[in-house]
Amino acid sequence: MKPNIGKRLFQYALTSKAGFIAALIALAIGVAAELAGPFIAKTMIDDHMLAIEKPFYETTSVDGTVSFADTHFKREDRFEPGEAKGREARILQVDKSFVFVNGSVQVADGNRSFANGTLTVTRGSDTFRYEAKALTADELYSFYKPEMPGIFQLIGWYCFFLVVSIFAEFGKTYWLQSSANKVIQRLRLDLYAHIQRLPVYFFDNLPAGKVVSRVTNDTEAVKDLFVAVLSNFTSGIVTMTGVYVALFLLDFRLGLISLFIVPLLILWIVLYRKVATRYNTIIRSRLSEINAIINESIQGMSIIRVFRHQKQTQTEFEALNDDYMKHQNKMLNLNAFTSHNLVNVLRNLAFAVVLWYFGSKALGTADSAISLGVLYAFVDVLGRLFQPMTGMVNQLAVLDSSIVSSGRVFELMDETGEPVTDGTMPRYKGQVEFDDVSFAYKKDDVLKHISFTAQPGQTVALVGHTGSGKSSIINLLFRFYDPQKGTITIDGTPVKEIPKQWLRHHMGIVLQDPYLFTGTVASNVSLGDSRITREQVDKALRDVGADKLLSHLPQGFDEPVIEKGSTLSAGQRQLISFARALAFDPAILILDEATANIDTETEALIQSALEVLKKGRTTFIIAHRLSTIRSADQILVLHRGEIVERGSHDELMAHGGRYFQMYQLQSGTVGTDTAASSSVSSPAQDGLLAGKDTVAVMATVSGKSNNRAGSSASQKAGSGQSGPGLAGGNA
């Protein structure tokens with residue numbers, strides 16, 4: 001894990017530290033309660049079940065004694081200090097039966113046999129014989145009877161710790177997962193908020209599907225890190241720590257030799273991640289590309305169908321999907337070779353070491369022998385070591401995938417965003433001045449020495465061929481970009497000194513292809529802004545004449561609108577966007593060829609809506625249909641990033657320059673007196689009419705400029721701009 005990623009994930013975990021701490025405490029309690037079981041079993045075996053072979057002594061006491069052959073016996077470890085002891089007696093196991101020796105036994109360790117009332121113990125070359133009596137089941141039970149209260153008490157403690165571990169497991173799971181969900185909720189909110197702050201040009205280079213993949217798929221993978229990986233690794237580390245503590249408490253030497261498992265596990269994890277990270281990086285990237293191509297295909301489905309591009313699109317998708325599956329299979333093979341195989345290897349190796357230790361050392365000499373209870377507890381505890389290890393190893397794939405996804409999320413969050421300034425500013429008057437402004441998206445200037453002034457309430461039209469710089473001027477006005485040279489001021493204040501949110505608060509835009517959001521007609525006007533009342537929404541819609549085009553809708557202004565308003569006509573969408581701009585009452589309004597997609601009948605309605613919309617505000621119109629800007633106060637003619645002409649319609653027509661040629665061509669009067677003049681002999685050679693303008697002129701000359709098909713063709717033929725497109729809605 002990269003240190004930066006780990007540190008940032010830890011910082012996010014601290015936002016819900018109370019839950020994680022509670023889960024850790026519950027986990028520690030649960031591990032301790034679970035590991036108490038082997039110790040209880042050890043005590044039960046050594047102190048109660050096998051302890052029956054310890055020496056018994058005759059006693060006159062009655063409490064806690066065994067009555068056998070009219071004599072009371074008590075085990076040696078049950079005597080109080082200073083209490084008198086009588087004659088010794090022993091209970092020894094021979095095969096499956098037990099015998100009573102009424103006397104001391106010098107040697108009890110060795111091979112035992114019983115026949116004809118004689119107990120024989122053979123140890124090496126030495127043989128020891130003792131007079132003994134076989135015990136019946138009732139007689140044997142009488143010796144075990146004093147141990148029963150202790151055994152029942154241990155069983156009670158075992159059940160108690162079992163209940164504790166159940167509740168601790170519940171608490172750990174609940175607190176851990178709820179805390180993880182809160183962390184991911186915070187991460188998603190921060191990521192989405194950061195996306196809102198990213199500059200508009202950032203989205204020109206990153207497909208929407210890839211952004212969506214970061215917010216959904218990658219953050220979900222990070223959630224797996226906190227829920228599954230953190231749960232298993234934290235549980236595993238705490239459990240393994242507790243297991244090793246228990247192993248050392250049982251026998252220091254066996255605990256010490258069992259430590260070899262830890263470096264092997266760490267080495268395995270490091271080697272695994274070296275390979276897995278490479279695969280997971282490609283897998284997450286391919287998944288992001290798959291989301292991008294799906295999003296693009298859905299958005300452009302009509303174009304795909306019209307141009308019969310289905311096969312090529314499917315081929316591209318299959319190539320990405322096949323590569324995604326290929327690397328998924330590589331990860332599958334890697335996990336199959338590691339997870340359970342690793343645990344099985346380590347388990348077998350650990351038990352082999354323990355058996356070697358017992359076989360070569362522990363059982364070889366009597367003074368180093370380990371009790372059966374210790375052996376049982378050690379094997380039990382050692383077996384518990386591999387359960388958390390299995391959980392940890394099985395989560396390695398999720399761990400690596402989560403780390404890769406975390407890196408992708410933080411990479412997006414590290415993109416430089418626009419500063420957010422709270423509050424707002426008073427509505428400015430709307431005087432806009434460009435003073436010797438030059439601007440380039442990359443290297444070459446797309447705007448060169450642009451200077452003009454728009455007075456409050458004036459309408460300024462920007463005309464010129466595609467790529468002449470019209471949209472770039474609007475991008476600078478909105479501060480989607482800042483110029484490299486020159487100054488832009490509003491009411492005398494440089495825009496760079498005005499926070500972007502404050503600046504855009506009093507700006508509005510109507511795009512050539514307006515964007516509508518999922519909701520209703522009314523919600524698309526107000527955009528959910530609490531400052532705009534329903535009365536203002538209805539008034540704005542009526543003022544622009546939208547009630548005439550929307551009157552047939554079953555629910556009127558509450559009619560549902562699906563994504564992009566695809567169920568509405570172009571004219572209906574445009575009027576809704578006009579009403580949106582009017583409701584927000586901007587001081588500066590931008591109209592980006594707002595009538596290009598509309599038929600002649602609807603255009604008349606929209607032209608009257610435009611007059612309502614322009615009142616009391618400074619308006620910039622990007623126009624290709626020059627007939628729509630005849631009333632503009634100022635027309636700026638751009639060519640290759642420079643203002644080559646400026647003035648009113650009448651002034652420019654009297655000048656007889658580039659604007660005059662464009663207007664003549666579009667109005668269809670070029671074939672009369674002007675056709676023979678040299679001033680109009682080479683508009684195509686000069687590059688004056690390109691893209692959208694050329695198609696508009698051709699449509700006009702052919703007599704089709706006034707129908708909807710010609711207008712639509714004009715729009716589709718030249719959708720490019722001099723720079724990245726403008727943002728939709730109220731900026």
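Before moving on, here are some points about what is shown:
- Loop-located GluC sites (Glu not before Pro) in region 50-112, at most 15 other Cβ atoms within 10 Å (DSSP): E83
- Which of I29, A89, I45, positive extreme of dipole for region 1-159 (C-beta unit charges): I29
- Ellipsoid equivalent to region 22-74 - semi-axes via the Cα gyration tensor, in Å: 41, 11, 6
- Inter-label distance, F252 to C159: 3.9 nm, where each label sits 7 Å from its Cα along the C-beta direction.
- Across the options L320, A180, I562, the greatest Cα extent toward the positive end of the charge dipole of the chain (unit charges at beta carbon of Lys, Arg, Asp, Glu) belongs to L320.
- Within straight-line cross-link reach of K210, lysines at Cα separation under 22 Å, skipping those fewer than 8 residues along the same chain: K223, K326, K564
- When the solvent-accessible area of the chain is split by element, carbon and sulfur atoms take up 56 percent of it, the probe being 1.4 Å.
- A convex hull fitted to the Cα coordinates of region 375-487 yields 206 cubic angstrom per residue.
- Options G486, V215, G457, ranked by Cα towards positive dipole end of the chain, top entry (Cβ charges): G486
- Electrostatic dipole magnitude of the chain [Cβ: Lys, Arg +1; Asp, Glu -1; Cα centre; debye, to 20]: 820
- Summarising the amide proton neighbourhood of F620: residues at separation of 5 or more, or on other chains, whose placed amide H is nearer than 5 Å comprise V460, L589, I590, L591.
- Label-to-label distance for K564 and L206 is 2.2 nm, based on points extended 7 Å past Cα in the beta-carbon direction.
- Packing, taken as the mean count of other beta carbons within 10 Å per residue, orders the peptides 32-44, 305-317 from highest to lowest as 32-44, 305-317.
- Rounded to the nearest 10 degrees, the angle from helix 148-197 to the longest Cα principal axis of the chain is 10 degrees.
- In Å², nearest 10: area of L198 left accessible to a 1.4 Å probe: 10
- Pairwise FRET efficiency - M148 versus R123, Cβ, R0 = 30 Å, nearest 0.05: 0.35
- Dmax and Rg, reported as Rg then Dmax, of region 144-258 (C-alpha, Å): 24.5, 86
- For the chain, adding -39500 (n - 2.57) for each run of n ≥ 4 DSSP H residues and dividing by the number of residues yields -17000 deg cm²/dmol at 222 nm.
- Helix 658-667 vs. the chain, principal-axis angle (Cα, 0 to 90°, nearest 10): 90
- Per residue value of the accessible surface for the chain (all protein chains in place, 1.4 Å probe), Å²: 49
- Region 212-351 - Kirkwood radius from inverse mean 1/r over Cα pairs (Å): 18.9
- Matching the structure-derived mean projected area of the Cα convex hull in nm² against the labelled list (i) 40.7; (ii) 35.5; (iii) 48.4 gives the label (iii).
- Label point at S551 placed 7 Å out along Cα→Cβ; residues across region 509-542 whose backbone nitrogen lies under 18 Å: 538-542
- Estimated translational diffusion coefficient (Stokes-Einstein, Kirkwood radius over Cα pairs, 25 °C, 0.890 mPa s) of region 80-218: 107 µm² per second.
- Percentage relative contact order, the chain, counting C-alpha pairs under 8 Å, at least six apart: 12
- 14 Å Cα-Cα reach of K548 towards aspartates and glutamates, excluding residues that sit fewer than 8 places from it in its own chain: D538, E601, E603
The values are calculated or read from the model by the stated rules, or taken from the named source; none is laboratory data. None of these values were measured; they are calculated from a predicted model. For neighbour counting, all protein chains shown are included, and Cβ atoms are generated from backbone atoms with ideal geometry for every residue, glycine included. Note: areas computed on protein heavy atoms with side chains; ligands, DNA, RNA excluded. Shrake-Rupley method; radii C 1.70, N 1.55, O 1.52, S 1.80 Å.
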